[in-house]
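Heads up: the structure comes next, in structure tokens.
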Amino acid sequence: MSPAAIVSAEKANVNDVPLTKASVTTSADNAIPAWVKPDLTRLLRVERLPGDFASRAVSLVDLPAGAIFARITSPTPAKCAYTSVQASRNLHIELNSDLVFINHSCRPTLVFDMEKWEVRVDSNLAGGLKAGDELTFFYPSSEWDMSQSFDCRCKQSGCQGKISGAKDMKREVLNQYWLNKHIVELLEEQKN
């Protein structure tokens, strides 16, 4: 499904609640929520920190676990690169937005669901997402073979150390995470 097909406010679903013109304009501030009509400046703040690969995105909103954080609306096809996201078995995209500053963590706050072209709060995130939380996702949930491996610095219990993509990880580790359909399929093929 193309990103354009999922961003229509008249047809979009937020947490499986169909949205209509009437329902998207009845919020407290009488505006379409930022995750329906992408306005990332209302959802996240980019902190540009000194050093290589040190910038990060921080949430400006509180959302419950499983809620839609944003839709991926302006991607372009790309080669596998450190800034790209693997959207399917054979497609990498550039996000062309501040979503690119969402870093990896072994205890992610978000998931990138590439089949639905949306970013959701991780359903395992106890207490949901809070304003001020760093926005992170588990890169191997979408990346099979990354162009650039790295040593994870998340400092979470259960940190996986070197991250190079799902193909290099043990299945019992990956089973602890939400995974995109293309990663699940590639793991099944690898097993056979």
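The values are calculated or read from the model by the stated rules, or taken from the named source; none is laboratory data. None of the values given here were measured: they were computed from a predicted structure. As a convention, Cβ positions derive from the backbone with ideal geometry for all residues, glycine included, and neighbour counts pool all protein chains shown.
If you go through segment 136-164 and pick out every residue that is buried (at least 20 other Cβ atoms within 10 Å of the Cβ), part of a loop (DSSP other than H, G, I, E, B) and in contact with a Phe, Trp or Tyr (Cβ under 8 Å, 6 or more places away or on another chain), you end up with 3.
Screening Lys116 with (1) free of Cβ contacts under 8 Å to residues at least 60 places away in the same chain; (2) over 9 Å from the mean Cα position of the chain (by Cα) gives one miss only, at (1).
Within segment 151-173, is there a residue that is farther than 19 Å from Ala57 by Cα, touching a residue at least 60 places away in the same chain (Cβ under 8 Å) and out of contact with any His (no Cβ under 6 Å at 6 or more places or on another chain)? Looking for residues that are farther than 19 Å from Ala57 by Cα, touching a residue at least 60 places away in the same chain (Cβ under 8 Å) and out of contact with any His (no Cβ under 6 Å at 6 or more places or on another chain), one finds none in segment 151-173, hence no.
Residues are listed down the side, and each one gets a yes or a no for (1) part of a loop (DSSP other than H, G, I, E, B); (2) polar (S, T, N, Q); (3) under 15 Å from Met114 (Cα atoms); (4) at pLDDT below 95:
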site	(1), (2), (3), (4)
Ala5	no, no, yes, yes
Glu10	yes, no, no, yes
Ala28	yes, no, no, yes
Pro33	yes, no, no, yes
Pro38	yes, no, no, yes
Thr41	no, yes, no, yes
Asp52	yes, no, no, yes
Ala65	yes, no, no, no
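Being modelled with pLDDT of 95 or more and over 16 Å from Phe53 (Cα atoms) is the filter; apply it to segment 139-158 and report the residue that is farthest from the chain's Cα centre (by Cα). So the residue we want is Asp145.
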